[in-house]
Amino acid sequence: MVKYEVLFIINAELEDDKKNAVIEMAKETISADGEVENVDVWGNKKLAYPIQKKNEGFYVLITFNANPDLPKELDRKLRISDDVLRYIIVNKEEK
């Protein structure tokens, strides 16, 4: 298994239930073929520049171990979610 990190920004204007639903969707996707190591909720932060006319975002960082195919599925699900403003998936393994 390879170690990965995913950082995503959720629309800060959403209700807490919807924010938690997005986080749970990401955790369930990871758990299907890997294991979640840590979920770090950073909360609301001001964006460096407006994204979709929004100035604040709700940041979440998830560290996980998974097979190399899993980030593609996670990428697909985060991309089609209207509640996610931006995301990045990083391979943490050193070469």
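Nothing in this text is a laboratory measurement; each read-out follows from the coordinates by a stated rule. No experiment lies behind these values; they were computed from the predicted model shown. Neighbour counts run over all protein chains shown; Cβ positions are idealised from the backbone, glycine included.
Observations, loosely collected:
- Cut-off under 5 Å, modelled amide H: who pairs with Leu85 long-range: Ile9, Ile10, Asn11
- The lysine pair count for the chain, using Cα distances under 19 Å and pairs eight or more places apart or on different chains, is 21.
- The chain, relative contact order in percent, only Cα pairs under 8 angstrom and at least six apart counted: 48
- If R0 is 25 Å, the Cβ-Cβ spacing of Asn44 and Lys92 corresponds to a FRET efficiency of close to 0.45.
- Nearest 10 degrees, 0 to 90: helix 70-80 Cα axis against the chain principal axis: 20
- Helix 16-33 and the long axis of the chain differ in direction by around 10°, with both axes built from C-alpha atoms.
- Computed E for Asp33/Lys53 - FRET, C-beta separation, R0 30 angstrom, nearest 0.05: 0.25
- The phi torsions of the stretch 37-47, fed into the Karplus equation with coefficients 6.51, -1.76 and 1.60 and a -60° offset, translate into couplings of 8, 8, 10, 10, 8, 7, x, 6, 9, 6, 7 Hz, rounded to whole numbers, with Gly and Pro shown as x.
- Over the chain, DSSP H runs of length four or greater, each weighted -39,500 (n - 2.57), average out per residue to a 222 nm ellipticity of -10000 deg cm²/dmol.
- Where GluC sites (Glu not before Pro) in DSSP loops with at most 10 other Cβ within 10 Å are excluded, longest remaining stretch of the chain: 16-92
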